[in-house]
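Input: a single structure, listed below in structure tokens.
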């Protein structure tokens, strides 16, 4: 089999030789650990959740969430980061790169919350966290 990626990279290496650019092939970009805020994965057993928080309707098999508190901004960078996590996560949970799980199995969410997010649903945990007791 012809390794077209390598040939493409070598051609670019040749093109940029003696220029102000450096070409690297097969660059490992996973050296910095990354954390997705929340993943909600559908289980095969158990009853469905009776009442979901606002905005979490249409859950898929794999639901990836980024959370921004009232002190953070949901900006273009945060959304690009969420899409990047989706790509990495989809590859991770798929059998292999030639057999990726269908896009329909994934849903992306961005949660922007006020001072006491989900206080109605999480009650005391939120109170403890906001008072520094958690």
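Side notes on the structure shown:
- Residue list for region 20-41, restricted to those being surrounded by 10 or more Cβ atoms within 10 Å (Cβ to Cβ) and touching a helix residue (DSSP H, G or I) at 6+ places or on another chain (Cβ under 8 Å): 23, 25, 34, 36, 39
- Single condition residue 80 does not satisfy, out of (1) within 30 Å of residue 5 (Cβ to Cβ); (2) modelled with pLDDT under 90: (2)
- The residue that is nearest to residue 73 (Cα to Cα), among those in region 94-128 that are surrounded by 15 or more Cβ atoms within 10 Å (Cβ to Cβ) and modelled with pLDDT under 60, is 117.
- Top-ranked residue in region 1-19 [being part of a loop (DSSP other than H, G, I, E, B) and modelled with pLDDT of 90 or more; ranked as surrounded by the most Cβ atoms within 10 Å (Cβ to Cβ)]: 17
- Matching residues, region 42-64, being surrounded by 10 or more Cβ atoms within 10 Å (Cβ to Cβ) and either part of a loop (DSSP other than H, G, I, E, B) or free of Cβ contacts under 8 Å to residues at least 40 places away in the same chain (or both): 42, 49, 52, 53, 55, 56, 59, 60, 61
The values are calculated or read from the model by the stated rules, or taken from the named source; none is laboratory data. Just so it is clear, the model here is predicted, and its values are computed rather than measured. With ideal geometry, Cβ positions are generated from the backbone for all residues, glycine too; neighbour counts draw on all protein chains shown.
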